[in-house]
Amino acid sequence: MPIGAFISTGRSLDRAVERVRRAEELGYDACYVTHIATRDSLTVLTRYAVATERIRLGTGVLPIFSRPPASTAQTAATIDEISSGRMVLGLGVSHRVTVENWYGGEIVKPVAQMREYAEACRAILRGEQAPAGEFFNTRFAFMGYPPRPELPIYIAALSPNMLRLAGEIADGVMLWLCNPEYIRETVIPEVTKGRERAGKGLDGFDVVAAVPVAATDDPDAARQAFRRDLIPYASLPFYRAMLERSGFAADLAAFDDGMAAGDTERAIAGLSDELLASLAGIGDADAVRAKVRSYQDAGASSPCIGGIPGAGFDDALEAVAELI
């Protein structure tokens with residue numbers, strides 16, 4: 001099975017490029033870039049494209065309210081050309097606080113809005129007129145420039161409704177903070193329903209699951225770093241709903257109690273070792289590899305490792321390469 005990596009830029013773009021090149025040398029199938037309040041993900045992928053030759057490159061994921069469908073399709077097609085057909089367009093609704101405060105948009109009907117946006121991008125790439133929508137409308141068409149019509153589009157999903165949409169209209173689904181049990185019991189069944197709605201099976205559909213990893217001789221420090229990294233996610237409704245469905249309502253309640261008291265340390269202490277262990281591979285090389293295998297066994301066709309801040313990502317990159 002293919003294995004990928006999330007390699008965003010952090011403090012140094014040059015260092016990130018070195019990591020992507022190393023991932024390619026080690027045989028990783030794909031590299032994805034998050035879209036947060038730092039460098040623009042699509043521009044970063046252009047830099048990765050000119051520095052590599054084989055590894056697939058994708059957004060993991062681009063918020064649909066960050067730019068109109070025409071601009072997204074145009075940029076994705078250009079990166080695809082620069083990379084000789086290695087682009088993957090990962091799309092996500094994002095979260096209300098981000099959409100409203102960064103982009104001046106509004107999440108009204110997230111599944112319907114994602115459907116319209118993804119279908120508009122797909123139509124543009126195929127040289128077709130995008131369907132009229134309630135939220136997104138465009139009459140953009142390429143002139144004298146034929147993009148790759150089969151450029152893959154993945155949809156970020158957590159809820160059953162969005163998972164079914166991904167199965168129905170996308171080439172893959174992108175998952176974050178979905179542990180193997182949730183993938184086995186919720187993701188695969190719901191995506192399958194969407195595929196059946198489209199008259200398709202799971203063959204060829206990519207399930208990309210982010211696997212936080214740290215190859216380290218100080219696992220306690222890495223777990224504490226991971227707890228801090230989870231603060232924004234434990235505060236966002238879409239992730240909270242998914243974590244509750246995964247059986248971690250008590251963790252969230254303890255987190256809420258700490259935050260309500262203005263005590264961040266108490267809040268993150270409420271995120272149990274059980275929760276962390278369900279999501280991340282932390283420890284020696286064998287522990288990291290075992291976690292990746294658990295995601296594969298649960299149905300993730302493309303587990304993708306990602307770093308925990310300051311906690312042994314480069315060593316994990318080398319360790320997991322033994323599974324490729």
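The residues in the range 273-301 that are in contact with a Phe, Trp or Tyr (Cβ under 9 Å, 6 or more places away or on another chain) and in a loop (DSSP other than H, G, I, E, B) can be counted, and the count is 2. Residues that are charged (D, E, K, R) and modelled with pLDDT under 95 were ranked within the range 73-105; the one that is least open to solvent (accessible area, probe 1.4 Å) is GLU100. Close Cβ contacts (under 7 Å, 6 or more residues apart or on different chains) running from residues in the range 1-28 that are modelled with pLDDT under 95 to residues that are surrounded by fewer than 16 Cβ atoms within 10 Å (Cβ to Cβ) comprise THR9/THR38. Restricting attention to the range 281-298, the residues that are at positive phi and either out of contact with any helix residue (DSSP H, G or I) (no Cβ under 9 Å at 6 or more places or on another chain) or open to solvent by 30 Å² or more (accessible area, probe 1.4 Å) (or both) total 0. Picking from residues in the range 201-249 that are open to solvent by 20 Å² or more (accessible area, probe 1.4 Å) and of a type in the set (A, V, I, L, M, F, W, C), the one that is nearest to ASP263 (Cα to Cα) is ILE231. The residue that is least open to solvent (accessible area, probe 1.4 Å), counting only those in the range 36-63 that are in a loop (DSSP other than H, G, I, E, B) and touching a Leu at 6+ places or on another chain (Cβ under 9 Å), is VAL61. Scanning the range 47-79 for residues that are within 19 Å of PRO2 (Cβ to Cβ) and in contact (Cβ under 8 Å) with a residue 60 or more places away in the chain returns GLY58, GLY60, VAL61. Does at least one position in the range 164-181 carry a residue that is at pLDDT 95 or above and touching an Asp or Glu at 6+ places or on another chain (Cβ under 6 Å)? Yes.
The values are calculated or read from the model by the stated rules, or taken from the named source; none is laboratory data. Model, not experiment: these values are computed from the prediction. Reconstructed Cβ throughout: ideal geometry from the backbone, glycine too, with neighbour counts over all protein chains shown. We work out accessible area using only protein heavy atoms, side chains counted, and drop any ligands, DNA or RNA first. Shrake-Rupley method; radii C 1.70, N 1.55, O 1.52, S 1.80 Å.
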